[in-house]
Amino acid sequence: MNWKTSFARKITYITTMVLLLFPLFLLGQPETRAKSGGKLSRMRKASGLSQAELGDIDPVGASMQLATFGMRGIAAAVLWEKATQYKKTEDWDNLTATLNQITKLQPNFLSVWNFQAHNLAYNISTEFDDYRHRYHWVKKGISFLITGTKYNRHQPKLLTEIGRYTGQKIGRSDEHVQFRQLFRDDEPFHNSFSAYVDATRAMGAMGKPDNWLVARMWYAESENAVEKEGMPVVGRSPIIFFMFKPMSLIQYAMAIEDEGILDEKGREAFRYAGQKWDEFGARELKGPYGGRIRLSDMVIHRQAVEEYRESISKLAPGLAEEMRQEKRAKLSEPERVALDMPDQLRSDMQRRLAMEADMVVSHQELAERVPKERRKKALRFAELASQRGKLADEIEFSQGNVNYYYWKTRCMVEQTRLATDARKAVRDANNDYLTADPISAKRKFEKAWDLWFELFNKHPSLWKGETAENLMPAIKSYFDCLSQLDEERPKDFKLVRLLQQYDLDPNALPKDAPVHWPTLSEEKNPNQ
């Protein structure tokens, strides 16, 4: 009986195993040209997960031997160790070959695509003297990233990197003038990625595809992966991630301006860039502290805080001032002296004492001192003021991360004829300076300073920023013209603040030059 039971059990096990082969075959059937494969193959294809292409690995290497025994992870670890060593020794050829092997083993591992693309576009490209050869290797880096999208089609991080390389590496390198021209004329390269983005829809002011506008299209693909495919934003905050697309339009407008397009085309480029920057500012995004914020809403939240504060004060008139006087009475004599002294007259110690002196009456402190019958309402106002204040602080912090108001103001200013006239005047003066005509250059420079002074007075926030700093080389050329003509630097030089601000040359300040710092009201952000 026992023997028969054991035999029957074995038959049952064997029969079950044979029967399970059929569903396993249906699930795991590989894809062929004629058939779509089994369930797992179809799911893998729908999710964009590709099998490692083992046929492309060195067939006589140890990596192939390990991979064929199912030890793909160990093989990848060995190759990564080799890649690290090759990078340390700057053996770029072997590093390239090793990273290519890793992509066959780990096609869905994004780091290998980013690592190799950076190697091609930034490391190997600099080994060549000819800018054409450098451009060739930059292209290879971009093409490598594009190849990575075959296996990671909806990965925002990879798509963003393609946009960043196309925009910044071509548009901001030391050779950006030559690179941008080569990119415009590189029709075969445009065709190589036409299946992903259509370069003919990114025509610039020269009537050819512009690298910054093509980069914008890649950023748009990245945003689509997040918004339509539901992919997460990894490695960057949402605010930085969604900044790239509108910023590429600003970079494009600045690039064509630097290339001499100082007419209606240039102004229109800034108008459109400003429009898209405003749309970015109005977009609701997750902030760094976890709140849902819009960069354009800071003024609204600050005003709300003031209104809630005023509502608390109305419940107990004069209480806020009374509490401030109480806090002042608790201060030491040196602290009171430091607070009463104008900031420009304070010593370092007095500045520290003034900063440390506790004179702020918080919303909560004020509400808790409101008479009992109105205190509940006051505490509610204090809570709302605190919430809106935190949102305003979160927005202000995020604005600083992307220099939000500077770029908003820059786009607004560059749309004006005054800005293009000021830039034309500097360009014409520089041309005369370079052709050894100091008399004409001096006259044109001084006309330019009048225009720039007018522009800065209309938009005081521009005194500090890239716009002002970029004028320093032209100012140095102007002073050189004066030296050639044996003339003193003018005491009433209108842009003397820039000399004081950047202080690039200790002899740059004219003698007895007045200090031209703006008043406190001028320093306030005009957009706030």
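The values are calculated or read from the model by the stated rules, or taken from the named source; none is laboratory data. Because the structure is a prediction, the values reported are computed rather than measured. Neighbour counts run over all protein chains shown; Cβ positions are idealised from the backbone, glycine included.
What to note about this one:
- Helices (runs of 4 or more DSSP H) within region 1-112 that include 1 or more residues farther than 29 Å from Phe144 by Cα, at pLDDT below 80 and among the basic types (Lys, Arg): 2-28, 39-47
- Scanning region 173-204 for residues that are aliphatic (A, V, I, L, M) and either buried (at least 19 other Cβ atoms within 10 Å of the Cβ) or in a helix (DSSP H, G or I) (or both) yields Val177, Leu182, Val197, Ala199, Ala202.
- Boolean, Asn123 is closer than 28 Å to Arg180 by Cβ and surrounded by fewer than 20 Cβ atoms within 10 Å (Cβ to Cβ): yes
- Test for Met231: is it in contact with a Pro (Cβ under 7 Å, 6 or more places away or on another chain) and free of Cβ contacts under 8 Å to residues at least 40 places away in the same chain: no
- Scanning region 407-434 for residues that are free of Cβ contacts under 8 Å to residues at least 60 places away in the same chain and either in contact with a Gly (Cβ under 8 Å, 6 or more places away or on another chain) or acidic (Asp, Glu) (or both) gives Asp421, Asp428, Asp432.
- Some residue of region 127-143 being of a type in the set (A, V, I, L, M), under 16 Å from Asp93 (Cβ atoms) and assigned to a helix (DSSP H, G or I): no
- Flag if Arg164 is closer than 19 Å to Trp113 by Cβ, in contact with a Gly (Cβ under 6 Å, 6 or more places away or on another chain) and surrounded by fewer than 23 Cβ atoms within 10 Å (Cβ to Cβ): no
- Residue in region 148-170 that is modelled with the lowest pLDDT, counting only those that are β-branched (Val, Ile, Thr) and over 21 Å from Leu182 (Cβ atoms): Thr149
- Residue within region 339-360 that is more than 42 Å from the chain's Cα centre (by Cα) and either at pLDDT 85 or above or aliphatic (A, V, I, L, M) (or both) present: no
- Test set (1) over 29 Å from the mean Cα position of the chain (by Cα); (2) surrounded by 15 or more Cβ atoms within 10 Å (Cβ to Cβ); (3) not charged (D, E, K, R) - Ala468 fails condition number: (1)
- Checked against (1) touching a His at 6+ places or on another chain (Cβ under 9 Å); (2) over 23 Å from Phe493 (Cβ atoms), Val413 passes all but a single condition, namely (2).
Here is a yes/no grid of residues against (1) at pLDDT 80 or above; (2) assigned to a loop (DSSP other than H, G, I, E, B); (3) not assigned by TED's automatic domain parsing to the domain that holds Lys424:
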position	(1), (2), (3)
Phe453	yes, no, no
Tyr478	yes, no, no
Leu482	yes, no, no
Phe493	yes, yes, no
Arg497	yes, no, no
Ala508	no, yes, no
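- Of the residues screened, Ala392 is one that is closer than 30 Å to Gly291 by Cα, out of contact with any Gly (no Cβ under 7 Å at 6 or more places or on another chain) and crowded, with 16+ Cβ neighbours inside 10 Å.
- Extreme residue, surrounded by the fewest Cβ atoms within 10 Å (Cβ to Cβ), among residues of region 109-119 that are out of contact with any Phe, Trp or Tyr (no Cβ under 6 Å at 6 or more places or on another chain) and not β-branched (Val, Ile, Thr): Ser111
- Qualifying residue in region 362-378 (condition: part of a helix (DSSP H, G or I), among the aliphatic types (A, V, I, L, M) and surrounded by fewer than 16 Cβ atoms within 10 Å (Cβ to Cβ)): no
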